[in-house]
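Only one structure is covered here, and it is reproduced in the block below.
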Amino acid sequence: MASDATTDTTKRDFLYVATGAMGAVGTAVAVWPLIDQMNPDASTLALSTIEVSLSSIVEGESVTVMWRGQPIFIRYRTADDIAQSKAVPMEELKDPASDAERVTEGQEQWLVQIGICTHLGCVPTGQKSGSAKGDFGGWFCPCHGSHYDTAGRIRKGPAPLNLVLPDYNFLSDTLIKIG
Amino acid sequence: MSGHSSYNPTNPVAKWLDSRLPIMRFSKEHLMDFPTPKNLNYWWTFGAILAFMLVVQIATGIVLAMSYTPDAALAFDSVENIRRNVNYGRIIQATHAVGASMFFVAVYVHIGRGLYYGSYKEPREVLWILGVLIFVLMMATAFMGYVLPWGQMSFWAATVITNIFSAIPIIGDPLLQLLRGGFAVDNPTLKRFFSLHYLLPFVIAAVVALHIWALHVPGNNNPVGVEVKSSHDTVPFHPYITMKDLLAIVLFLIPFAWFVFFAPDILGHPDNYKPANPLITPAHIVPEWYFLPFYAILRAIDFDMWFISAKLGGVIFFGGSILVLFFVPWLDGSKTRSGTFRPLFKPFYWLFIFNFFLLTYLGAQLAVEPYSTLSKISTAYYFGYFLIILPIVSRIETPNPLPASISESVLGKGGS
């Protein structure tokens, strides 16, 4: 009798745990769509590539375009800007990156970056000719005072990283595809 | 706490109902006869004021939702439409917006009262924890509500606050996209915030019910912090406390009404009357006043600590400033509840209150000197109060003698 009871208990325990596990997995599977619907939907993802013509931008000027709901900063850098950026020693940088790593080879005058401060997501100023460019001639975030240089690298302030570079490539010398 | 029931229905319908669903008995025991310490002062009326404010916010909110449109292209105009065209919309919208501020005034007083009189101490720990939970839910609700008018401040508040989650290592960015429903704050974000802003007040109401349940098990704390010993120490909730609470609510309504009728926008920010623009960040973004102390703490951490970046550090301290409240019952080991009888505790407590006002002030300033350094000192005291001062003071302090009972403390004042 005693051994029967033990077998019975073991069997019941197994069934109990198996049922519970099945129930937990089932609940998780049922809940997942309710959570995943919050992720970017197909129409948002469909806007993931744009083409931008650079032909109308003159040297020293910047334009802002929208990509995935975010501003993209495109700057036609002057020779001065590039020289200034290249002259910065690596050890002065919080998030070290050489000027060459920030641009496409052979198209050094074009700096293309996501115009969102890496601190808490504000849009830095410095795109328009009259607006504050910060202490390093690049961009300045008014929210918490981050300064970016002419290669979009963080130089001063609370932001931890350089301005993010989107995936993009040159389709021709005056046409880029972002995304 | 409730003694023998005084509910003895004679009406046959009332008797019939009482044996099936004793809701009348429950109401009589908990809303009318409930024995309440007779020495409660006016700081104790803020619980009732908060219950009243929750009702005001839910009532005005439900009505506003009838005319509001949660769509990025239409939200701003729909709020303007409420303010200009909807009958009484100007007043209802102002009541809801000002009401959020008044709600926080009351909750800060309520929490401050609990901290002074040791209302979190044994056997009221669960009551306190539920209260902190309500506070967290309130903050989430208020934040999402502020986003709904879709002005510049709404949009950038949503951007900056959701960005806090991106500081979390590894899962930060996917989590950020999940919260926003896109790569930036946009229409999906607005819609989900509206949905949750409508939901959370009812969650708050449910936790408030638990909060009151947890209150009615040990009964109220009181200004001397001595437990109720006999029926001489108490008065029935109705009419003594109900009338006192009502008077307090009326007095509370005076500044509330002044704001609503004479200065509905004074607590807001002019930039929020510009429609949201994802390409331009306002030059000086500040949260609503009731978040300023915590915003000051978030900004105070502008330096890296070991492997923790300034950004993540700020977020950890920001979260920690609220999390620490959950542990107060165990950080303060003093057996004496009321601060009135704690000579060493008292100056530190009032310094904490002053410091909280200072943090509020600092949160509104630009992140430059001397405010940056002051913010760091102020943040250090905020945490030091809970993590160092409360545990040490409660160990080394000799409290003053307590009165033998609530009754004695009340009657003793007459010199008898």
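The values are calculated or read from the model by the stated rules, or taken from the named source; none is laboratory data. Note that this is a predicted model, so its numbers are computed, not measured. Neighbour counts run over all protein chains shown; Cβ positions are idealised from the backbone, glycine included. The protein model used for the area step is the full one, side chains on, heavy atoms only, and it has no ligands, DNA or RNA in it. Shrake-Rupley method; radii C 1.70, N 1.55, O 1.52, S 1.80 Å.
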inquiry  = Please give me the summed charge of the neighbours of B:R342: other residues whose Cβ is under 14 Å from its Cβ, Lys and Arg +1, Asp and Glu -1.
reply    = +3
DSSP H segments from chain B that extend 15 Å or more along their own axis, Cα-based, with Kyte-Doolittle mean of 1.6 or above = B:46-65, B:125-147, B:242-262, B:310-326
inquiry  = Run the simple label-point estimate for B:R84 and B:W306 please: 7 Å along Cα→C-beta, distance reported in nm.
reply    = 5.7 nm
note = Between A:I72 and residues 5 or more places away or on another chain, the pairs with built amide H atoms under 5 Å apart involve A:V65, A:M66, A:W67, A:G115
request  = Quote the accessible area belonging to B:V136 in square angstrom, nearest 10, computed with a 1.4 Å probe and with ligands, DNA and RNA left uncounted.
outcome  = 60 Å²
remark   = Interchain or sequence-distant (5+) residues whose placed amide H lies within less than 5 Å of the amide H of A:E61 are A:Y76
request  = Enumerate the calculated ³J(HN,Hα) couplings along region B:16-28 in order (Karplus 6.51 cos²θ - 1.76 cosθ + 1.60, θ = phi - 60°), each rounded to whole Hz, writing x wherever the residue is Gly or Pro.
outcome  = 4, 5, 4, 7, 10, 9, x, 6, 5, 4, 4, 5, 5
ask   = Looking at region B:301-319, which residues lose a minimum of 20 Å² of accessible area between their chain alone and all protein chains in place, measuring with a 1.4 Å probe and not counting ligands or nucleic acids?
value = B:K311
note = When the charge dipole of chain B is computed with +1 at the Cβ of Lys and Arg and -1 at the Cβ of Asp and Glu, the Cα pointing farthest to the positive end, of B:G333, B:I58, B:A380, is that of B:G333
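Could you give the length gained by full extension between B:Y361 and B:S230, i.e. 0.36 nm per residue of separation minus their alpha carbon distance, to one decimal place? Intermediate results must be reported in sequence, preceding the final value.
Working: separation 131, 0.36 × 131 = 47.16 nm, distance 4.59 nm.
Extra length available between B:Y361 and B:S230 comes to 42.6 nm.
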request  = Tell me the label-point distance for the pair A:E59, A:R12, using the 7 Å Cα-to-Cβ offset, in nm and rounded to one decimal.
outcome  = 8.8 nm
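Given a cut-off of 30 Å, name the pairs among B:K15/B:K121; B:K229/B:K346; A:K133/B:K191; A:K86/A:K177 whose C-alpha atoms lie farther apart than that in the structure shown.
Table pairs above 30 Å Cα-Cα are B:K15/B:K121; A:K133/B:K191.
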inquiry  = Residues of region B:312-356 with backbone nitrogen within less than 18 Å of a virtual label 7 Å along the Cα-to-Cβ line of B:I377, please, listed as ranges.
reply    = B:348-356
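Given contacts defined as C-alpha pairs under 8 Å and at least six residues apart, what's the relative contact order of chain A, whole-number percent? Write out the running numbers ahead of the final one.
Values: 283 pairs, mean separation 34.1, N = 179.
Here the relative contact order equals 19 percent.
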task = Report, in degrees rounded to the nearest 10, the 0 to 90 angle that the Cα long axis of helix A:2-36 makes with the longest principal axis of chain A.
result = 30 degrees
key: Inter-label distance, nm, simple model (7 Å from Cα along the C-beta direction), A:K86/B:W43   = 6.9 nm
query = Which aspartates and glutamates does B:K274 reach when only Cα atoms under 13 Å apart count, and residues fewer than 8 places away in its own chain are ignored?
reply = B:D77, B:E80
query = Got the relative contact order for region B:34-411 handy, in percent, Cα pairs under 8 Å and 6 or more residues apart?
reply = 25 percent
ask   = Just from its helices, what would the mean residue ellipticity at 222 nm be for chain B, if runs of 4 or more DSSP H residues each count -39500 (n - 2.57) and the sum is divided by every residue, rounded to the nearest 500 deg cm²/dmol?
value = -19000 deg cm²/dmol
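Rg(Cα) of region A:44-178 divided by 2.2 N^0.38 Å?
Working: Rg = 14.0 Å, N = 135, 2.2 N^0.38 = 14.2 Å.
In units of the 2.2 N^0.38 Å rule of thumb, it is 0.98.
Could you sort B:K311, B:K376 by accessible area so the largest value comes first, with the probe set to 1.4 Å?
Working: B:K311 30, B:K376 70 Å².
Sorted by accessible area, descending: B:K376, B:K311.
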remark   = The ratio Rg/Rh over the Cα atoms of region B:1-94, Rh being the Kirkwood inverse mean 1/r radius, stands at 1.24
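Dividing the convex hull volume of the alpha carbon atoms of the protein assembly as shown by its residue count, what do you get in Å³ per residue?
Numbers: hull volume 153.7 nm³, N = 595.
With only Cα atoms used, the protein assembly as shown gives 258 Å³ per residue.
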remark   = With a 1.4 angstrom probe the carbon and sulfur portion of accessible area for region A:1-84, in percent, totals 65 percent
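Name the shape class, rounded, prolate or oblate, that the alpha-carbon gyration tensor gives for chain B, where a ≥ b ≥ c are the square roots of its eigenvalues, rounded holds for a/c under 1.5, and otherwise prolate holds if a/b is larger than b/c and oblate otherwise.
Numbers: a/c = 2.07, a/b = 1.30, b/c = 1.58.
Note, shape of chain B comes out oblate.
What FRET efficiency comes out for the pair A:S131/A:V164, r = Cβ-Cβ distance, R0 = 22 Å, nearest 0.05?
On the way: r = 20 Å, r/R0 = 0.93.
Once rounded, the FRET efficiency stands at 0.60.
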request  = Give me the accessible area buried between chains A and B, both sides summed, with a 1.4 Å probe, in Å² rounded to the nearest 100.
outcome  = 2200 Å²
